[in-house]
Each structure stands twice: as C-alpha cells, then as structure tokens.
Amino acid sequence: MNLDSKVPSGPLEEKWSKHLNDIKLVAPNNKRKHDVIVVGTGLAGGSAAASLAELGYNVKSFCIQDSARRAHSIAAQGGINAAKNYPNDGDTIWRLFYDTIKGGDYRSRESNTYRLAEISNEIIDQAVAQGVPFAREYGGLLANRSFGGAQVSRTFYARGQTGQQLLLGAYQAMMRQVNEGKIEMHTRHEMLDLVIVDGKARGIVTRDLVSGEIQRWMADAVVLASGGYGNAFYLSTNAKNSNVTAAWRCHKRGAAFANPCYVQIHPTCIPVSGDYQSKLTLMSESLRNDGRVWVPKDKDDDRHPNDIPEDERYYYLEEKYPAFGNLVPRDVASRNAKIVCDEGMGVGPTGRAVYLDFRDAIKREGKKAISDKYGNLFEMYENITDDNPYEEPMRIFPAVHYTMGGLWVDYNLQSNIPGLFVAGEANFSDHGANRLGASALMQGLSDGYFIIPYTIGNYIAGTELDDVSKDHKAFDEAANNAQSQIDKLFEVDGDKSVVEFHRELGQIMWDKVGISRSEEGLKKAIKEIQDLREEFWNNVRVPGESSNYNKYLEFAGRVADFLELGELMAKDALHRDESAGCHLREEHQSEEGEALRNDEEYSYVAAWEFQGVNGELQEELHKENLEFDFVELKQRSYK
C-alpha cells in the first residue's frame, strides 16, 4: 500500500501556495466534459459540489436525507475558527496552527494543519459574501468568542446555530447550480459500494431508499464527504442517520482507514436519562465561556445547587488548569468530569453529571446579554430537561461527538485509491488525536471550497481516464455485492432486533473503548464484538422488504458495518500503547489523569488495510511517520 503524503517541500508557510503554482489545470471548456460524484451534502460535500459545479464540472450529489439541508453539519452550534484577529488580542495564522497541532497532541500532519489555519480567513470572507448572519459587535465587525484550547477569541458564531447558518450558505450555492443544471441532486440515496476500474475510482453503487432499487453511477472522480462514525457507540451527539457505511465500503475496496481509535468525547452534553434513549444532545462548548464547571466538595451533599455556598463548591477545571480554566480542550474537560464522577462527586439522579453554572455571568452581564449569546441553547436545554438554566445550573456529562480518524488521505485529500477523494470528518487529516472546538466547520469548508476544487483538477488533468460504461464488469460486481449483502440480512430471519444489537455494541464500546481504555478492557472488547457480530449474522431480525422504504433494512446494513468497524477501533486502540489526546490508555497517564505520549514509538499515522472477515476482522497495519520540522514536540500543558 502506497502512503505517499505528497507534501510539498519548502517552508511551511509556502507549501500550499507553491503547490497551487505547480498543480495541473483543466481548461474551462474541458471541465464540462468531466463528471464528479459527491457523496454527502454537509459542509464538506455541499461546498465541494457547489464549487466544482461553479467551475464547470458535471456533479452528481447524493445524500441519505430527504433534503440536503438535513445533513448533520446543521447540528453544529458554537462557531467556526479563523485567525482574523478582530479582537486584536494577538492571534495569527501561526498561533491558530500551533493551537491546533498542540490540541491534537502532536498526532496530525504539520502541513495539512497549517494549510487549514491559512485558509481559515478565506472561509469567513466566503461565508459573509453568501450572507451568513454572523454575530457582530456594536461597531460592525464580526464578533468573536473563545473556545477550548486557545487563549485568544477567534471563534465566529451565529448564536448557537452556526452550523445551520453555514450549511444554508453552502446549500444556497449548491442549489443555484442545481437550478443551472450543473448538479444532479439525488436525495434519499445511500452509497453501498465503490466501483474501481483499472485501479481508479470510477463510480458508486447506491440504493434508492424509497424504491429499494440498486443503481449505478459513473464518474471520473468520487468525493466522499459522508461524515464520521461516532454512532458506533449507539449513544452519541450524532443524528440517528449518521453512519460509517460509505467510508467502510470504500475501506473494504482497499482505502486505508487511519487512526480509528481517535474518538472525541465532548464534555458538554445533556446526561443520559434512560435505557431506551436513542441519541444524546450537545450543549455547545461556547457555553464554557460564561458557564463555570463545578461539583460539591462533599460527595454526600444532596442540597439544591443554588443552596450550596461558594466555599463548598469544587471548581475543578479552574483549580487544576488556571491558565485556561473552563476553556481547556475537550479531552481534558471530559476526562476530569469522569474523574470527579468516579470519585463519587457527580450530581443528578445517576451521579454521572457535573454542574455548568451561569449564576456569576448573569450577575455580571445581565440575563439579556446571556440570552443574546446562548438563548436558543438555554431553550433547548429547558425543553429537554424541564430545568431553567437561567435560574439553576445545567447538568452536563461527556458524550461521543466527533471522530478524528477516517479514511487516509494525502495532501491533496486523495485516498490511496486514485480518484477517491475524502473531505471533512470522513478523512483523518487535520486534527490529530483531539479536535479543538470550532475546527470541524473550518475543516469541512476548507476542504470543500478551497482544496478539493484544485486537487481534483490536478488529478483529472494528469490522469488517463478511459471511457467506462455502467455495464462494465466492475459495476456488475459492485451491484451484485450490494444486493447480496441485503439478501443476506433478510435470510437470517432471527428474533432479535437491529436496535438491540446496536445498543449492545454501543455499551461495549462506551465501557471499554470510551473516555479511557486499558489493555485488559480492549482485549475483552475485541472478543465481545466478535461474539456479538456472530450472533448478529445468526439471529438478527429485519422485517419488511427490500423493494420499498424500509428503515429496519437501512439500519441493519449500518449496524453490520459498525460491528466490523468497532473491532478495528478496539484493535487500533490496543496497538497504540500510549496516551494521546482523546486516546487515553490507563497504563500511560499522570497522577492527575493527563495523557502521556510515547513519541519515539508512536509518532505515526496508523493506516489499516482491510484483509477480510473470518470470525475475526483481519487488517494489516501500515505507518505514515509524522515529521515535525516546525514545532517542538512536548507534553501538553494547560496549567
């Protein structure tokens, strides 16, 4: 397997501009001769489809929802980072780059991360030109607020609806091209396989989720922008439809899967409330600007939080990390919430929660100012919990949120399969072992608006692409493969529901591949997942038919993929015998629960090659060494 990162030579600040000068171009009159498939209509997929079509390519866009606007990017709340330095508090592109590298615990590629910081300012200009209603200061400049892992205010926001507003901007750009006839939109279609002809990605196979028809689609390049795999844990902040199937089927066709164990646990979520809950609700990290995190010092204190005096409250983040306080990165905040709850200091009915208190901010700024910043988030919290956060603290606890792992890509965002490009959360490239808040929207739009349009052109201009028919044997094989998987699910005819299997998998993953991992727990998880997968293929019940709308069938296929991915996540976590960012091995931590890296042995990207499934998932490990020429490797400290 070739893991050539294709990073340009030269100074870090000049790599992208040098690369742009060197890449091959496709003439405007030739672009209209080429077809590109884009899977996913979130920020990465929507912006890529709109940009490619605007350039003149013929784009086919696919999403599993009934509308492109329902992509999960719409759920992002808090903001998007950029190094504009409007607050004049010392921010620079270099500082944004360094905070991102450090926040990822030095487990990402320097060149990709610097490019992300470099492009960030262009994203804001693009969004403003589209009419995205960012918050503004009194003088007219766009407003900024702080997020975890930074000591400057660089996060642009639209109240608690930033993802929705940015997605509407990309959606409008995309729909303009649909109206122009340059984008062929296919909603309610699920990608089930990748088609490879002569070693190049040349199309996909989908299932029409309404009719059940298996369909073939041909192109000169494929862009996969299908999001992350957090729903392997069953309970997460992801939409119920979010899944790994498109990426996993590409992996089974030969695309390397990189760093699958890097899963972000978000510290600011509404705690689990019942056994039959289907998802969790995120409370934006932006709330930690004004909310103070605490628990009672006395673990037996059952008074109402408003009745507990100041000197009997343990503001553990402020005490342990005075330089950053409540705005430490997500992995640090999540681990510390787990630590105080494990020590019996948690609050609420289950004891698996901590307080997020706005009392001091409301006293300092007034209720209206807090409402202007976070009003819709407060309303959402009250609707779900029936508690008023203006009058008493929120209760929060960590939950699975984002996945830093994904399909391996080079500097051009191309996988090791020529012609298969991967954008946004579906790739591994920018965040290392822990994503800083407000960087997911930044990466999705950077990939879609400003990278993919250039690098796909470079690929098309430099590649011999023979005419291919949808009757080609590779399309036959992929379509038959997709249908046989569906037939196999119906043939089991067991008596246990898909949801039961998914819930059991999620419990294994949360208990043993969650906030912290151990060698013993990971080995148990691998065996338990293998046993559960065997039971699934002998006892799952999928009612209904394949020739019509069937949610049971959709979820069955996705859970089957999660049952394979879950084992790879545990194996990746087991092989990485160090702690880094969100990957905390209990054997490698300080007394205070801080991650201790092993740079000598694990400073690399773990890229896995699929070999097959025969009871056990068989994968071969390949390594891309991470070289740091511009930053100094050192243990993270936010104290």
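So Asn58 fits all but one of (1) within 25 Å of His431 (Cβ to Cβ); (2) modelled with pLDDT of 95 or more; (3) among the polar types (S, T, N, Q); what number is the exception?
With (1) within 25 Å of His431 (Cβ to Cβ); (2) modelled with pLDDT of 95 or more; (3) among the polar types (S, T, N, Q) applied to Asn58, the lone miss is (1).
Evaluate segment 495-509: report whether one residue or more is open to solvent by less than 50 Å² (accessible area, probe 1.4 Å), part of a helix (DSSP H, G or I), among the hydrophobic types (A, V, I, L, M, F, W, C) and more than 28 Å from Glu425 (Cβ to Cβ).
So in segment 495-509, the residues open to solvent by less than 50 Å² (accessible area, probe 1.4 Å) come out as 496-498, 501-502, 505-506, 508-509.
So of that shortlist, the ones also part of a helix (DSSP H, G or I) come out as 498, 501-502, 505-506, 508-509.
Keeping just the survivors that are among the hydrophobic types (A, V, I, L, M, F, W, C) gives 498, 501, 505, 508-509.
Keeping just the survivors that are more than 28 Å from Glu425 (Cβ to Cβ) gives none.
No: zero hits.
Please go through segment 233-251 and pick out each residue that is part of a loop (DSSP other than H, G, I, E, B) and either of a type outside the set (Gly, Ala, Ser) or more than 13 Å from the chain's Cα centre (by Cα) (or both). Quick ask: steps written out before the conclusion?
Let us first name the residues in segment 233-251 that are part of a loop (DSSP other than H, G, I, E, B), namely 234-244.
Within segment 233-251, Tyr234, Leu235, Thr237, Asn238, Lys240, Asn241, Asn243, Val244 meet the criteria.
Which ones in segment 534-553 are within 16 Å of Glu504 (Cα to Cα) and open to solvent by 10 Å² or more (accessible area, probe 1.4 Å)? Break it down stepwise before answering.
Initial filter on segment 534-553 (within 16 Å of Glu504 (Cα to Cα)): 534-541.
Scanning segment 534-553 gives Glu534, Glu535, Trp537, Asn538, Asn539, Arg541.
Only one residue in Gly448, Gly437 is open to solvent by less than 10 Å² (accessible area, probe 1.4 Å) and assigned to a helix (DSSP H, G or I). Which one? Steps first, answer last, please.
Working: Gly437 fails: assigned to a helix (DSSP H, G or I).
Step by step, each of Gly448, Gly437 is checked, and only Gly448 is open to solvent by less than 10 Å² (accessible area, probe 1.4 Å) and assigned to a helix (DSSP H, G or I).
Is it true that Ser47 is assigned to a loop (DSSP other than H, G, I, E, B), under 30 Å from Leu12 (Cβ atoms) and either modelled with pLDDT under 95 or among the hydroxyl-bearing types (Ser, Thr, Tyr) (or both)?
In short, no.
For segment 592-615, which positions are farther than 30 Å from Asp410 by Cα and either open to solvent by 50 Å² or more (accessible area, probe 1.4 Å) or not small (Gly, Ala, Ser) (or both)? Show your work before the answer.
Of all residues in segment 592-615, those farther than 30 Å from Asp410 by Cα come to 592-594, 614-615.
The answer is Glu592, Glu594, Asn614, Gly615.
Ser211 - would you say it is hydroxyl-bearing (Ser, Thr, Tyr), open to solvent by 30 Å² or more (accessible area, probe 1.4 Å) and at pLDDT 95 or above? Steps first, please.
Details: hydroxyl-bearing (Ser, Thr, Tyr): yes; open to solvent by 30 Å² or more (accessible area, probe 1.4 Å): yes; at pLDDT 95 or above: yes.
Yes, satisfied.
Checking Ala53 against (1) under 18 Å from the mean Cα position of the chain (by Cα); (2) in a helix (DSSP H, G or I), which single condition isn't satisfied?
(1)
Please verify whether Glu591 is part of a loop (DSSP other than H, G, I, E, B), at pLDDT below 95 and among the charged types (D, E, K, R), treating the condition exactly as stated. Working first, answer last.
On the way: part of a loop (DSSP other than H, G, I, E, B): yes; at pLDDT below 95: yes; among the charged types (D, E, K, R): yes.
Against the criterion (part of a loop (DSSP other than H, G, I, E, B), at pLDDT below 95 and among the charged types (D, E, K, R)), Glu591 qualifies.
Considering only segment 260-316, state which residues are hydrophobic (A, V, I, L, M, F, W, C), over 27 Å from Leu565 (Cα atoms) and touching a Leu at 6+ places or on another chain (Cβ under 9 Å).
Looking only at segment 260-316, we keep the residues that are hydrophobic (A, V, I, L, M, F, W, C), and these are 261, 263, 265, 269-270, 272, 280, 282-283, 287, 293-295, 308.
Imposing the further condition that a residue be over 27 Å from Leu565 (Cα atoms) reduces the set to 283, 287, 293-295, 308.
Listed by number, the residues that qualify are Met283, Leu287, Val293, Trp294.
From the list Ala556, Ala560, Ala570, Ala479, which residue is open to solvent by less than 20 Å² (accessible area, probe 1.4 Å), assigned to a helix (DSSP H, G or I) and under 20 Å from Ile265 (Cα atoms)? Before the answer, list the steps.
On the way: Ala556 fails: under 20 Å from Ile265 (Cα atoms); Ala560 fails: under 20 Å from Ile265 (Cα atoms); Ala479 fails: under 20 Å from Ile265 (Cα atoms).
One residue alone meets the criteria, Ala570.
Please specify each residue of segment 75-85 satisfying the condition of being modelled with pLDDT of 95 or more and either part of a loop (DSSP other than H, G, I, E, B) or open to solvent by 20 Å² or more (accessible area, probe 1.4 Å) (or both).
Of the residues in segment 75-85, the ones modelled with pLDDT of 95 or more are 79-85.
The answer is Gly79, Ala82, Ala83, Lys84, Asn85.
Test each condition in (1) of a type in the set (D, E, K, R); (2) open to solvent by 30 Å² or more (accessible area, probe 1.4 Å); (3) touching a residue at least 40 places away in the same chain (Cβ under 8 Å) for Lys33 and report the one that comes out false.
(3)
Could you please give the count of residues in segment 481-532 that are closer than 21 Å to Glu619 by Cα, in contact with a strand residue (DSSP E or B) (Cβ under 6 Å, 6 or more places away or on another chain) and not polar (S, T, N, Q)?
Total satisfying the criteria: 1.
Every residue in segment 252-279 that is assigned to a loop (DSSP other than H, G, I, E, B), open to solvent by 10 Å² or more (accessible area, probe 1.4 Å) and not β-branched (Val, Ile, Thr), please. Can you show your working first?
Here is the first cut: in segment 252-279, the ones assigned to a loop (DSSP other than H, G, I, E, B) are 253-256, 259-262, 270-279.
When the remaining residues are screened for being open to solvent by 10 Å² or more (accessible area, probe 1.4 Å), the result is 253-254, 270-279.
Listed by number, the residues that qualify are Arg253, Gly254, Pro271, Ser273, Gly274, Asp275, Tyr276, Gln277, Ser278, Lys279.
Does Leu20 qualify as being aliphatic (A, V, I, L, M) and open to solvent by 40 Å² or more (accessible area, probe 1.4 Å)? Break it down stepwise before answering.
Details: aliphatic (A, V, I, L, M): yes; open to solvent by 40 Å² or more (accessible area, probe 1.4 Å): yes.
In short, yes.
Yes or no: segment 580-591 includes at least one residue that is open to solvent by less than 20 Å² (accessible area, probe 1.4 Å) and either free of Cβ contacts under 8 Å to residues at least 40 places away in the same chain or over 22 Å from the mean Cα position of the chain (by Cα) (or both).
no
Find the residue count for segment 226-251, including only residues that are open to solvent by 20 Å² or more (accessible area, probe 1.4 Å), touching a residue at least 60 places away in the same chain (Cβ under 8 Å) and over 27 Å from Phe475 (Cβ atoms).
3
What are the residues in segment 99-146 that are touching a strand residue (DSSP E or B) at 6+ places or on another chain (Cβ under 8 Å), among the polar types (S, T, N, Q) and in a loop (DSSP other than H, G, I, E, B), if any?
Selection gives Asn144, Ser146.
(1) touching a Lys or Arg at 6+ places or on another chain (Cβ under 9 Å); (2) open to solvent by 20 Å² or more (accessible area, probe 1.4 Å); (3) under 18 Å from Glu285 (Cβ atoms); (4) hydroxyl-bearing (Ser, Thr, Tyr): which one isn't true of Ser120, the others all being true?
All conditions pass for Ser120, except number (2).
So which of Asp471, Asp487, Asp467 is without any contact (Cβ under 8 Å) to a residue 60 or more places away in the chain, open to solvent by 40 Å² or more (accessible area, probe 1.4 Å) and either among the hydroxyl-bearing types (Ser, Thr, Tyr) or not in a loop (DSSP other than H, G, I, E, B) (or both)?
Asp487
Looking only at segment 602-623, decide whether some residue is in a loop (DSSP other than H, G, I, E, B) and modelled with pLDDT under 95. First the steps, then the outcome.
First, pick out the residues of segment 602-623 that are in a loop (DSSP other than H, G, I, E, B): 603, 615.
After this cut, where a residue has to be modelled with pLDDT under 95 as well, the list is 615.
Yes, the conditions are met somewhere in segment 602-623.
Table: residues versus (1) assigned to a loop (DSSP other than H, G, I, E, B); (2) over 30 Å from Ala595 (Cα atoms); (3) open to solvent by 10 Å² or more (accessible area, probe 1.4 Å).
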site	(1), (2), (3)
Leu3	yes, no, yes
Lys15	no, yes, yes
Lys60	no, yes, yes
Pro87	yes, yes, yes
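The values are calculated or read from the model by the stated rules, or taken from the named source; none is laboratory data. Keep in mind the model is a prediction, meaning the values are calculated, not measured. Neighbour counts run over all protein chains shown; Cβ positions are idealised from the backbone, glycine included. Keep in mind that these areas ignore ligands, DNA and RNA; they rest on the heavy atoms of the full protein, side chains included. Shrake-Rupley method; radii C 1.70, N 1.55, O 1.52, S 1.80 Å.
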